[in-house]
1. Is it true that residue 67 is surrounded by fewer than 10 Cβ atoms within 10 Å (Cβ to Cβ), without any contact (Cβ under 8 Å) to a residue 12 or more places away in the chain and of a type outside the set (S, T, N, Q)?
2. Quickly run through the range 73-88 and pick out the residues that are open to solvent by 70 Å² or more (accessible area, probe 1.4 Å) and under 12 Å from the mean Cα position of the chain (by Cα).
3. Which pairs have Cβ atoms under 9 Å, sit 6 or more apart or on different chains, and link a residue in the range 3-21 that is more than 30 Å from residue 92 (Cα to Cα) to one that is surrounded by fewer than 14 Cβ atoms within 10 Å (Cβ to Cβ)?
4. For the range 27-45, does any single residue satisfy the condition of being surrounded by 12 or more Cβ atoms within 10 Å (Cβ to Cβ), small (Gly, Ala, Ser) and touching a residue at least 24 places away in the same chain (Cβ under 8 Å)?
5. Take the residues in the range 1-18 that are open to solvent by 50 Å² or more (accessible area, probe 1.4 Å) and either among the hydrophobic types (A, V, I, L, M, F, W, C) or within 22 Å of residue 36 (Cα to Cα) (or both), then tell me which one is farthest from the chain's Cα centre (by Cα).
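The values are calculated or read from the model by the stated rules, or taken from the named source; none is laboratory data. Only a predicted model underlies this, so the values are computations on that prediction, with no experimental measurement involved. Quick reminder, even Gly has a Cβ in these numbers, built from the backbone with ideal geometry, and neighbours come from all protein chains shown. Areas reflect the complete protein model, heavy atoms only, side chains present, ligands, DNA and RNA absent. Shrake-Rupley method; radii C 1.70, N 1.55, O 1.52, S 1.80 Å.
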Amino acid sequence: MVVISAVLQANLGKEDKLEKLLLSLLVPVSKEADTLEYKIHRAIDTPGRFFFYEKYTDRSAIDSHMATPHFKALLSRLDGLIAQPPEIILHEELGSIR
């Protein structure tokens, strides 16, 4: 399994618009067969900061996700909404608890 952590920081005054855009991904991503988890979080102490936790079966599932129309649409709509490029890190899951 491969896990992605991603952090996006909204431009001042664009927090609600970015949040709405990010949440619009949940339904189409839920239909991706090899996406195991896809969670969006909003920071409590840092306004406009969003954190993604994504889990995929393998690297090809990530490539498939990034090739979807909804992901490409997200990228095309981020201009002006985010303060800096997203911080994206790929991880290998070592262990977990429920």
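1. Details: surrounded by fewer than 10 Cβ atoms within 10 Å (Cβ to Cβ): yes; without any contact (Cβ under 8 Å) to a residue 12 or more places away in the chain: yes; of a type outside the set (S, T, N, Q): yes.
In short, yes.
2. First pass over the range 73-88, keeping only residues open to solvent by 70 Å² or more (accessible area, probe 1.4 Å): 75-77, 79, 84-85, 87-88.
75, 87, 88, listed by residue number.
3. 11/80; 11/83; 12/47; 12/83; 14/80; 14/83; 15/47
4. no
5. Only one residue tops the list, namely 12.
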